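Worksheet: the structure to be examined is printed underneath.
The values are calculated or read from the model by the stated rules, or taken from the named source; none is laboratory data. This is a predicted model, so every value here is computed, not measured. Here Cβ is always computed from backbone atoms with ideal geometry, including for glycine, and neighbour counts include all displayed protein chains.
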Amino acid sequence: MIPTYAIEAAPVYVILEYYMLGCLKNKSDSYKYNSQTVLRISIYILSVAFALCLYHSVQVFISLLGAICCAPLAITMPALIHYKSLATKRKEKAIDIFFMVTSLGVLTLSTYQSIASIKAPKKVHH
């Protein structure tokens, strides 16, 4: 995972930097670079902390990451991009909004299920 972490985390970095550091346009390049570095290190440390907390059940950790990331990337973002750039008719926009709202429901439900499976007592097989 370590050699490919930068590739896997690149979309997360791009999205978070756009929203969290977008206000730094008028700052110096070194300030922006340092802010970007701090954000990336924080994300990495947060990922390591989650992995250490959930090391006993890697499948739960992966399902939680999938729950949080998959719905927005697979359903919300394509619908949002289509809504903003291509949808011209009212029906197209309504379908895009339906998919965005549905994906938020999927995100909520799958995240809840992942967290519930972390808290659930483990079954012992004899």
Check: Going by the conditions given, is Ser57 surrounded by 15 or more Cβ atoms within 10 Å (Cβ to Cβ), closer than 16 Å to Ile115 by Cα and modelled with pLDDT under 80?
Finding: no
Next item on the list: Determine whether region 77-99 contains at least one residue that is within 30 Å of Ala120 (Cα to Cα) and not assigned by TED's automatic domain parsing to the domain that holds Ile15.
Entry: no
Item checked: Residue list for region 75-97, restricted to those being among the aliphatic types (A, V, I, L, M), exposed (fewer than 13 other Cβ atoms within 10 Å of the Cβ) and either part of a helix (DSSP H, G or I) or in contact with a strand residue (DSSP E or B) (Cβ under 6 Å, 6 or more places away or on another chain) (or both) -> Ile81, Ala94
Next item on the list: Considering every residue within region 46-55, establish whether at least one is farther than 21 Å from Ala6 by Cβ and not in a helix (DSSP H, G or I).
Entry: yes
Check: Out of curiosity, is Leu46 assigned by TED's automatic domain parsing to the domain that holds Ala10 and surrounded by 14 or more Cβ atoms within 10 Å (Cβ to Cβ)?
Finding: no
Margin query: Among the residues that make up region 60-73, is at least one of them in contact (Cβ under 8 Å) with a residue 12 or more places away in the chain, among the hydrophobic types (A, V, I, L, M, F, W, C) and in the same structural domain as Tyr5 (by TED's automatic domain parsing)?
Written below: no
